[in-house]
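To start, the structure under review is shown below, and the notes come after it.
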Amino acid sequence: SPRGGPSGRGRVAAPAPLALRDGSGRALALRCAQRAPRRRDAFVARADGGENEEPEREDDDDVAVGGWQQPRSRRGGVGVGKVAKRRGSVPPVGRYGSGEAARGRGTAAPAPRQDAASSQNRSILSGDDKPASASSQNGSLVSGDGKPAAATPSITTLKVPAPDSGVIPSVDKSLEIAIPDKMGPTPPSPSVSGLGSSAPFPRLDSAENSELTEEMSERVVQSAPKREAPSSPIPAVQEEAWDFKKYIDFNEPIAEKDYDWVDEDAADSSDNHKDYDSGSLAGENVMNVIVVAAECSPWCKTGGLGDVAGALPKALARRGHRVMVVVPRYGDYEEAQDVGIRKYYKAAGQDLEVKYFHAYIDGVDFVFIDAPLFRHRQDDIYGGSRQEIMKRMILFCKAAVEVPWHVPCGGVPYGDGNLVFIANDWHTALLPVYLKAYYRDHGTMQYTRSVLVIHNIAHQGRGPVDEFPYMDLPEHYVEHFKLYDPVGGEHANIFGAGLKMADRVVTVSPGYLWELKTTEGGWGLHDIIRQNDWKMNGIVNGIDYREWNPEVDVHLQSDGYTNYTLSSLDAGKRQCKAALQRELGLEVRDDVPLIGFIGRLDGQKGVDIIGDAVPWIVGQDVQLVMLGSGRRDLEVMLQRLEAQHGSKVRGWVGFSVPMAHRITAGADVLLMPSRFEPCGLNQLYAMAYGTVPVVHAVGGLRDTVTAFDPFGDSGLGWTFDRAEPHKLIEALGHCLDTYRSYKESWRGLQVRGMSQDLSWDHAAELYEEVLVKAKYQW
Ligand SMILES: Nc1ncnc2c1ncn2[C@@H]1O[C@H](COP(=O)(O)OP(=O)(O)O[C@H]2O[C@H](CO)[C@@H](O)[C@H](O)[C@H]2O)[C@@H](O)[C@H]1O
């Protein structure tokens, strides 16, 4: 079943142009046309110059374990004040992963803009319940738009021999590398730019209500923790397993000191060394990298996967790699142009035509796979029946694995040497399988590797073994898919097969990696993960500071909000808080703590735990704002809480990127009582905005939010050790006490949070290490 897994995801996407902005809010110039020559060889290229609305069903098959995982869905609409309408409930579907299908039923129909001071709920309740355009595309598969678009550029077709494998599904027996005659190479783009418990008492010696002086602020900045790879509770990857010198003739790199032109001061930085060696940060490790994902911000985003697929590639490109993102073309993305190539692939027994669209933005090639199956799914990307979803993902993975041969990015295809695919979640877990079964088993693509990233193990692509033939694989491969567990019985598990076939596996925090190996946290895949421990890695996600940065955030540039930095934190936050209170119709008061929650409404995110704590919360002098969409019963809960506690609580049901930014900026506290959280991005965003997180210490939340220690004046927020209302209340109580009575300690928390380097650059370096390990994995 789709990413929505047990808690389905109707997906909603941002309109294409929305986030294509640079840090100062200017629209980015797209560089997909009129390009000057550039070298596309990865060894020399340097990118930067440098629903289901129903209550949870026990028989949702995509859920490996645990009774509380809920279908989830997303609503359309991203503009401020726009709220997507929900569809009618989805009929129950079959045992295997149906929940996915069910969950993916968000629709895009935006509601009318809500009056500033009125609740979103009213517009939702009175909204149009009909889906905008969510009908299955399968009916148009054969008769669909199969003709080249009128705008297709003229092309020169080079015929090169294809791997001569009987199992290669591509209809052609030769590869067509079609190079649009008018498309010149692209110039390089310019540089873009523990289970801690709540600390009970704040500092006793702090001056009440005192403003932090510059000197104090400086002191806190100095003592702010530098971001390091969090220490993993699990044993490190067995480095012995990776001794590439055994396999190839590898010369030791020349010591940097041998370069007499290296500046002595600069020589302290290993990054600088790498830079001198090769002209790029990646140095000799530079590779061709293709990130394959079902969603990618800003074109299509329903959650954190979209954020990661939009940001990690740019960070890898900044290190000097040649990087491509491959994503389905769900809508008409105006930046991307048809490259004029047509291929056919078999999915679930049907030959389906695929076109490729391309754009070159921020040093990254974006390739959009176009097919009738994907078209018009922009607002419902994980919708449809389980079989329909699987068919889309089969087609997507088959087409994606051949992109490096077919798509002439900047004039020259990537080719299959020195190439690594980064597949993401179960949707693309078939890619490592196809890479092996169709090519590497037959002696082709020998220098291509695959890395599979686990963003959420709860969604696995489970189905009956009977459906294995749809995947068009050699018969003996069925053994890689078969899995038995007490919940699903014997079934075919796409994620499980992908984990076995991938050369390396990454998950999005060391803490989550540890949890994945437990029976409770592995969701039925823990044995596979344990057996493949040697290739597992935990890397915490980063922040795309061009999107999530209070200094340049475009969503803070109107309606009374303002951009701010650490030095203008007090005034900036005060203004954003007042703007948020005004926009939501809350009393405008600076002294009242404003508590936020942003997330999918499903069992994972624990919004129901907040609901259980509301009687206590509303007994305090606080304001509570919750933004989310997903499970219908939880949406109703948000609406009910607002109706009952209108002076203190707002429950905004919908998917609104601008509102997510505004809550992050305007709130004082962000609550994340997630039952499990592979990494979590909202707590990172919160800290970057001087908003203090209060989190359940689990997975990536435990890795990224160290508990506040009032005596050592350290830590980043409050943590609690069980996802239960009374634990949340205890932690939040300490947090509110500090907010009210110990301003200096509070300010220290904010400053430490904002002073961290949470950028993708560090994570990209760690990913690079994994890519290199995969490269030398034979
Ligand atoms: N109603 C709404 N309106 C607007 N924006 C909304 C929204 N609900 C959520 N969002 C946005 O969607 C993103 C969600 O990020 P999360 O880290 O919570 O990801 P998610 O759980 O989807 O994904 C999984 O993948 C990511 C990436 O690896 C992991 O961090 C995470 O733990 C894992 O569960 C954030 O950008 C958030 O602001």
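For region 674-771, the average shadow cast by the Cα convex hull is 6.7 nm², which is a quarter of the hull's surface. Charged neighbours of Met637, selected by a Cβ distance under 11 Å, balance to -2 (K, R count +1; D, E count -1). Stokes-Einstein diffusion of region 436-513 at 10 °C, 1.306 mPa s viscosity, Kirkwood radius from Cα pairs, rounded to a whole number: 115 µm²/s. Placing unit charges on the Cβ atoms of the charged side chains and taking the dipole of region 309-440 about its Cα centre, the candidate lying farthest along the positive direction among Met390, Val367, Ala309 is Met390. For region 452-518, the fraction of 1.4 Å probe accessible surface lying on carbon and sulfur atoms is 55 percent. Computed in the context of the full set of protein chains, the accessible area of region 691-778 at 1.4 Å probe radius has 49% of its extent on carbon or sulfur. For the pair Gln531 and Val465 in one chain, pulling the backbone fully straight at 0.36 nm per residue adds 21.5 nm over the alpha carbon distance. Sparse packing (at most 12 other Cβ atoms within 10 Å of the Cβ) combined with a DSSP loop state is found for the following GluC sites (Glu not before Pro) in region 531-636: Glu587. Highest mean packing first, where packing is the average number of other Cβ atoms within 10 Å per residue, the peptides 683-689, 371-377 line up as 683-689, 371-377. Backbone phi angles across region 638-648, fed through the Karplus curve with coefficients 6.51, -1.76 and 1.60 (θ = phi - 60°), yield HN-Hα couplings of 4, 5, 5, 5, 5, 4, 7, 10, x, 7, 10 Hz in residue order; Gly and Pro are listed as x.
Placing dummy labels 7 Å off each Cα toward the beta-carbon, the span from Trp616 to Glu284 is 5.7 nm.
At an R0 of 30 angstrom, the distance between the Cβ atoms of Leu766 and Gln446 translates into a FRET efficiency of 0.70.
Annotation: extensible slack from Val412 through Ser558 equals 48.3 nm (criterion: 0.36 nm per residue apart, minus Cα-Cα distance).
In the context of the full set of protein chains, region 418-472 has a per residue accessible area of 21 Å² (1.4 Å probe). Using alpha carbons only, how many angstrom separate the centre of region 366-440 from the centre of region 312-330? Cα centres, region 366-440 to region 312-330: 14 Å.
Multiplying the residue separation of Glu479 and Gln777 by 0.36 nm and subtracting their alpha-carbon distance yields 105.0 nm. Once the Kirkwood radius over Cα pairs is known for region 580-720, the Stokes-Einstein relation at 10 °C and 1.306 mPa s delivers a diffusion coefficient of 105 µm²/s. Under the simplified labelling scheme, the Glu490-Phe711 pair shows an inter-label distance of 5.9 nm, with each label point 7 Å from Cα along Cα→Cβ.
Summed over the residues of region 476-620 and divided among them, the accessible surface reaches 33 Å² per residue at a probe radius of 1.4 Å.
Along region 326-332 the Karplus relation, 6.51 cos²θ - 1.76 cosθ + 1.60 evaluated at θ = phi - 60°, assigns HN-Hα couplings of 10, 8, x, 9, 7, x, 8 Hz to successive residues, with x for each Gly and Pro. Once region 339-410 is represented by equal point scatterers at the alpha-carbon sites, with solvent omitted, what log10 I(q)/I(0) does the Debye formula produce at q = 0.25 Å⁻¹? Values, matching the q order: -1.19. Using modelled backbone amide H atoms (1.01 Å from N, in-plane), which distant-in-sequence or interchain residues come within less than 5 Å of Leu624's amide H? The list, which skips near neighbours in sequence, is Ile595, Val649, Arg650. Per-residue Karplus couplings for region 285-297, computed as 6.51 cos²θ - 1.76 cosθ + 1.60 with θ equal to phi - 60°, are listed in order as 8, 4, 9, 8, 10, 10, 8, 10, 8, 6, 8, 7, 6 Hz, Gly and Pro entered as x.
The values are calculated or read from the model by the stated rules, or taken from the named source; none is laboratory data. This structure is a prediction, so every number in the text was calculated from the model and none was measured. No Cβ is skipped: glycine too gets one built from the backbone with ideal geometry, and neighbour counts run over all protein chains shown. Just so you know, the surface numbers come from the protein's heavy atoms only, side chains and all, with ligands and any DNA or RNA stripped out. Shrake-Rupley method; radii C 1.70, N 1.55, O 1.52, S 1.80 Å.
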